[in-house]
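We did not get these values from a lab; they are worked out from the coordinates using the rules stated. All values reported here derive from a predicted model rather than from experimental measurement. Quick reminder, even Gly has a Cβ in these numbers, built from the backbone with ideal geometry, and neighbours come from all protein chains shown.
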Amino acid sequence: MTRVVLTSEGRREYKKLSKDFQILIAETFNAEFARNPFSQSLHIRKLQPPFPGYRVRLRGYRIMFTLEPEFIRIYRIRLRKDAYR
């Protein structure tokens, strides 16, 4: 199982979310995502420059992350309309 960590920006954005959505994110990343980061049901896409890594869709949000050898680093959690700004 892969460990999931949040950057300081990712942690700040995570804390701004509703408790229900925080729980949904935690369940998604700790269950299915941690076992298989490229599950078809997660709608994962590789990002184009200037954004590093990948993104996963979760409701109206985009969660951007990078894959490191020992962990998954979440660096951005934003609404779809603001995610790529």
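Based on the alpha-carbon gyration tensor of the chain and its eigenvalue square roots a ≥ b ≥ c, which shape applies: rounded if a/c is under 1.5, prolate if not and a/b is larger than b/c, or oblate? Because its axes are fairly even, with a/c under 1.5, the chain counts as rounded. With both labels modelled 7 Å from their Cα along Cα-to-Cβ, the SER8 to LYS81 distance reads 3.0 nm. Here the contact order of the chain, divided by its residue count and restricted to Cα pairs under 8 Å and six or more residues apart, works out to 33 percent.
Segment GLN40..LEU24, full-extension length gain: 4.0 nm, with 0.36 nm per residue of separation and the alpha-carbon distance subtracted.
A simple charge model with +1 on the Cβ of Lys and Arg, -1 on the Cβ of Asp and Glu and nothing else charged puts the dipole of segment 1-78 at about 320 debye relative to its Cα centre.
Within straight-line reach of LYS46, meaning a Cα separation under 23 Å, sit the following lysines at least 8 residues removed in sequence or on another chain: LYS81.
Farthest toward the positive end of the dipole of the chain, out of GLN40, PHE29, PHE51, is the Cα of PHE51, where the dipole comes from beta carbon charges about the Cα centre.
Other residues within the sphere of radius under 15 Å centred on the Cβ of GLU27, judged by their own Cβ, net out at +1 (K and R +1, D and E -1).
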